[in-house]
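**Q** Have a look at the structure that comes next, please.
The values are calculated or read from the model by the stated rules, or taken from the named source; none is laboratory data. Only a predicted model underlies this, so the values are computations on that prediction, with no experimental measurement involved. FYI the Cβ positions are ideal-geometry reconstructions off the backbone, even for glycines, and counts take in every protein chain you see.
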Amino acid sequence: MIERRIFNEEHDMWRETVRRFVEKEIVPYHAQWEEDGIVPRELWLKAGEAGLLCCTVPEEYGGLGADYLFDVVVFEELWRVGASGPGFLIHTDLVATYIKSFGTEEQKRQWLPRMVKGEAIGSLGMTEPHAGSDLKAVKTRAVRDPNAAPGDNDADFIIDGQKVFISNGQLCDVLVLATKTDSAAGANGVSLFLVDATTPGFNRGQNLEKLGMKAQDTSELFFSDMRVPASAMLGAEGQGFKLMMTKLSQERLAQAIRSATVIEEMIQWTVDYTAERQAFGQSIGDFQNTQFVLADLKARSVMARVFTDRCIELFMAGELDSVDAAMAKMTTAELHCETADKCLQLFGGWGYMWEYPICRAYADARIVKIAGGSIEIMKTIIGRDMFKGKLNPKPKAA
């Protein structure tokens, strides 16, 4: 078996620490959180105290100042046990990364130390009822205070709009919010804001009931005459779309890491189960069909892991491009869903029972073809790159 070589001894020690935390603080309670549709805030505080949140945040802002692999270890250990909640990935890999990369010194000092401690939970407000993968089509509007003096660049913004499918939406204290500051400018009219959830006009809708990922709270959010200072803007006005594009490869890599990890676990659960389960006088694992199905999945899971680990190396070297990230996300997501389906089949009727982890993994799997960009978007990115400069441009409409 090919040995993973991206981790060193320090990472292995960290994995043992994280694994103990997960086994003690998450596994015994996760079934209840699935029923509740949310995890308690106390868990975030415990995770912060243990150092599991925002590992790459520099020490000057309260973080460990560790490399990206420390975050990877945290995510893998959560996914290894089938934990659909808590939403540490959104908080750590996206929100904290946006603030760390594009925030002002004031914004960093306001939010990062609290996020590291679990005192402030982060969420990403991008998807809207009519704008999913097409981020430049967001309709949430941010306009300058109409009573401000013309040309006053310090004037407040008034925000109105709606977001949907927002992970950590019920718990979040800070939201990276995508808005339109110029509705006529297309992608160049998108701006990001760091929104304090206590701001008047910020309202949470219902905690949405989903097919899977049941312990992860997912919400509608509404903004009505919400006034935010100009200093809350993340990056420059009109630069929001470009900023979001710079982080998509990281988001898609995280999805690939998740899928690669869960695939391995599902296969192992199925090997263990079919080795013990008897049918027609022998174990299910004795049947050639069982071995062929699992052998095929195993071989492809190793290929997926090797490519994903290589993408991690490229990302840490600043060399992961959008096409490689799309390929990693697409192939692992498709294999993730296929593995869930084929492994559940080998569990028979018991695989359809929620008490079995393969059942919950099956329900959780379907989102991977959507989250972080749909499979169709990934194919478009890859296909366009393959035909770059080879096709005639589309004629402009008359």
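**Q** Condition first: in contact with a Leu (Cβ under 7 Å, 6 or more places away or on another chain) and within 24 Å of Val368 (Cα to Cα). Can you find one or more residues in the stretch 63-70 that meet it?
**A** yes
**Q** While we're looking at this one, here's another question. Output the number of residues of the stretch 101-131 satisfying the condition of being closer than 20 Å to Ser167 by Cα and in contact (Cβ under 8 Å) with a residue 24 or more places away in the chain. Break it down into steps so the answer makes sense when it comes.
**A** Pass one, the stretch 101-131, residues closer than 20 Å to Ser167 by Cα: 111-112, 114-131.
Checking the rest, the ones that are also in contact (Cβ under 8 Å) with a residue 24 or more places away in the chain come to 111-112, 114-129.
Number satisfying all stated conditions: 18.
**Q** Please determine whether any residue of the stretch 3-17 is surrounded by 14 or more Cβ atoms within 10 Å (Cβ to Cβ), among the β-branched types (Val, Ile, Thr) and outside any loop (DSSP other than H, G, I, E, B).
**A** yes
**Q** Now a separate question. Collect the residues in the stretch 148-181 that are outside any strand (DSSP E or B) and either at pLDDT 95 or above or aliphatic (A, V, I, L, M) (or both), keeping them in residue-number order.
**A** To start, the set of residues in the stretch 148-181 that are outside any strand (DSSP E or B) comprises 148-156, 168-173, 181.
Those that are outside any strand (DSSP E or B) and either at pLDDT 95 or above or aliphatic (A, V, I, L, M) (or both): Ala148, Ala149, Ala155, Asp156, Asn168, Gly169, Gln170, Leu171, Cys172, Asp173, Thr181.
**Q** From Ala215, Ala232, Ala236, which residue is modelled with pLDDT of 95 or more, under 12 Å from Ala142 (Cβ atoms) and of a type in the set (Gly, Ala, Ser)?
**A** None of the others qualify; the one that does is Ala232.
**Q** Tally up the residues in the stretch 229-260 that are part of a helix (DSSP H, G or I) and either more than 14 Å from the chain's Cα centre (by Cα) or among the aliphatic types (A, V, I, L, M) (or both), please.
**A** Within the stretch 229-260, the subset part of a helix (DSSP H, G or I) is 230-232, 240-260.
Still in the list and also either more than 14 Å from the chain's Cα centre (by Cα) or among the aliphatic types (A, V, I, L, M) (or both): 230-232, 240-246, 248, 253-254, 256-257, 260.
Count: 16.
**Q** Sort out which residues of the stretch 187-202 are of a type outside the set (A, V, I, L, M, F, W, C), closer than 23 Å to Leu112 by Cα and not in a loop (DSSP other than H, G, I, E, B), and write them in order of number. Working first, answer last.
**A** Step one: of the stretch 187-202, the residues of a type outside the set (A, V, I, L, M, F, W, C) are 188-189, 191, 196, 198-201.
From the residues that got through so far, the ones that are closer than 23 Å to Leu112 by Cα too are 191, 196, 198-200.
Correct list: Ser191, Asp196.
**Q** Sticking with this one: On the basis of being touching a strand residue (DSSP E or B) at 6+ places or on another chain (Cβ under 6 Å) and either buried (at least 18 other Cβ atoms within 10 Å of the Cβ) or not assigned by TED's automatic domain parsing to the domain that holds Gln170 (or both), does Gly82 make the cut?
**A** On the way: touching a strand residue (DSSP E or B) at 6+ places or on another chain (Cβ under 6 Å): no; either buried (at least 18 other Cβ atoms within 10 Å of the Cβ) or not assigned by TED's automatic domain parsing to the domain that holds Gln170 (or both): yes.
For Gly82, the condition - touching a strand residue (DSSP E or B) at 6+ places or on another chain (Cβ under 6 Å) and either buried (at least 18 other Cβ atoms within 10 Å of the Cβ) or not assigned by TED's automatic domain parsing to the domain that holds Gln170 (or both) - is not met.
**Q** Still on this structure: Condition check: in contact (Cβ under 8 Å) with a residue 40 or more places away in the chain, in a strand (DSSP E or B) and either within 16 Å of the chain's Cα centre (by Cα) or crowded, with 18+ Cβ neighbours inside 10 Å (or both). Does Leu89 satisfy that? Before you say what the answer is, go through the steps one by one.
**A** On the way: in contact (Cβ under 8 Å) with a residue 40 or more places away in the chain: yes; in a strand (DSSP E or B): no; either within 16 Å of the chain's Cα centre (by Cα) or crowded, with 18+ Cβ neighbours inside 10 Å (or both): yes.
It is false that Leu89 is in contact (Cβ under 8 Å) with a residue 40 or more places away in the chain, in a strand (DSSP E or B) and either within 16 Å of the chain's Cα centre (by Cα) or crowded, with 18+ Cβ neighbours inside 10 Å (or both).
**Q** Could you say which residue among Ile358, Ile377 is in the same structural domain as Leu253 (by TED's automatic domain parsing), of a type outside the set (D, E, K, R), crowded, with 20+ Cβ neighbours inside 10 Å and assigned to a helix (DSSP H, G or I)? Don't jump to the end; show me each part of the working.
**A** Values: Ile377 fails: crowded, with 20+ Cβ neighbours inside 10 Å.
Selected residue: Ile358, the only one of Ile358, Ile377 that is in the same structural domain as Leu253 (by TED's automatic domain parsing), of a type outside the set (D, E, K, R), crowded, with 20+ Cβ neighbours inside 10 Å and assigned to a helix (DSSP H, G or I).
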